[in-house]
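Chemist: Okay, handing you the structure first.
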Amino acid sequence: TRQALREQSGGVYEVARALGTGGWGLFWRLGLPLALAVNLWPRPEPPLAWIAADGSTAALAIDGGAVLMRPNEKLFGAELWAGRRGLNLPTDGEAARDRHFACLRNSCQATGLEGLRLSAWWTIRKPKPPELLALCEASEVLVMKAEVELPAACAGVTVLRPADFAAGGAVEIYR
């Protein structure tokens, strides 16, 4: 019964008596040091960016928030990532996107100076050479869903392709 279960479980006061102190003594001797240890423990830096498992969308971490390149795509994954990392998604995703990215129908490029210079080509249709050159020149990291040979301008750019996502899933980028 419920009463028997309550009698079997040891309460906080019982633990305090076993340690030879009262409830407040237990707090000062055990609770407060543990709380301080958790709060003062060094935390890793949050990632600069997240890219969905299929490369169809990405987000940049900017000023405590997450700005999505495609605010209506893979929203569940983006919300999950942002929540795990303590980042807030803007209420107006498209306005936030337009402040930080220059997006066309098939691609997006980061335009701001803050954060990672991330660009993406969303379709399997191959980009025209000028489009590909512009993406490479504007990027530190390029998500490319099309199978295309990269120009020399992409030599210093980290390029993520569908095979990379098939092997490892979603990507978090750190400095």
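Chemist: Just the number, please: percent antiparallel of the DSSP beta bridges in the range 103-163, rounded to the nearest 5.
Modeler: So the antiparallel bridges in the range 103-163 amount to around 35 percent.
Chemist: Related question: Here are several values of volume of the Cα convex hull per residue in Å³: (1) 117; (2) 197; (3) 145. Which one was derived from the coordinates shown?
Modeler: Label (2) holds the value from this structure.
Chemist: Counting only protein heavy atoms and using a 1.4 Å probe, what share of the accessible area of the range 32-168 belongs to carbon plus sulfur, as a whole percent?
Modeler: Ligands and nucleic acids excluded, carbon and sulfur give 57 percent.
Chemist: Which one of SER56, ASN106, THR158 is farthest out on the positive end of the charge dipole of the chain, using unit charges on Cβ (Lys, Arg +1; Asp, Glu -1) and the Cα centre as origin?
Modeler: SER56
Chemist: Rounded to the nearest 20 debye, what is the charge dipole size of the chain about its Cα centre when +1 sits on each Lys and Arg Cβ and -1 on each Asp and Glu Cβ?
Modeler: Rounded to the nearest 20 debye, it is 400 debye.
Chemist: At 0.36 nm per residue, and after removing the present C-alpha to C-alpha distance, how many nm does the segment from ASN39 to ASP63 gain when stretched out fully?
Modeler: Between ASN39 and ASP63, full extension yields 6.5 nm more.
Chemist: Now for a separate question. Hey, what angle do you get for helix 75-84 against the long axis of the chain, alpha-carbon based, 0 to 90 degrees rounded to 10?
Modeler: Approximately 50 degrees, to the nearest 10.
Chemist: For the chain, report the accessible area per residue in Å² (1.4 Å probe, heavy atoms, rounded to an integer).
Modeler: On a per-residue basis, the chain sits at 64 Å².
Chemist: Calculated FRET efficiency, ALA155 and GLU131, Cβ-Cβ r, R0 30 Å, to nearest 0.05?
Modeler: E between ALA155 and GLU131, to the nearest 0.05, is 0.95.
The values are calculated or read from the model by the stated rules, or taken from the named source; none is laboratory data. None of the values given here were measured: they were computed from a predicted structure. Glycine gets a Cβ as well: all are built from the backbone with ideal geometry, and neighbour counts include every protein chain shown. Accessible surface areas use protein heavy atoms only, side chains included; no ligands, DNA or RNA. Shrake-Rupley method; radii C 1.70, N 1.55, O 1.52, S 1.80 Å.
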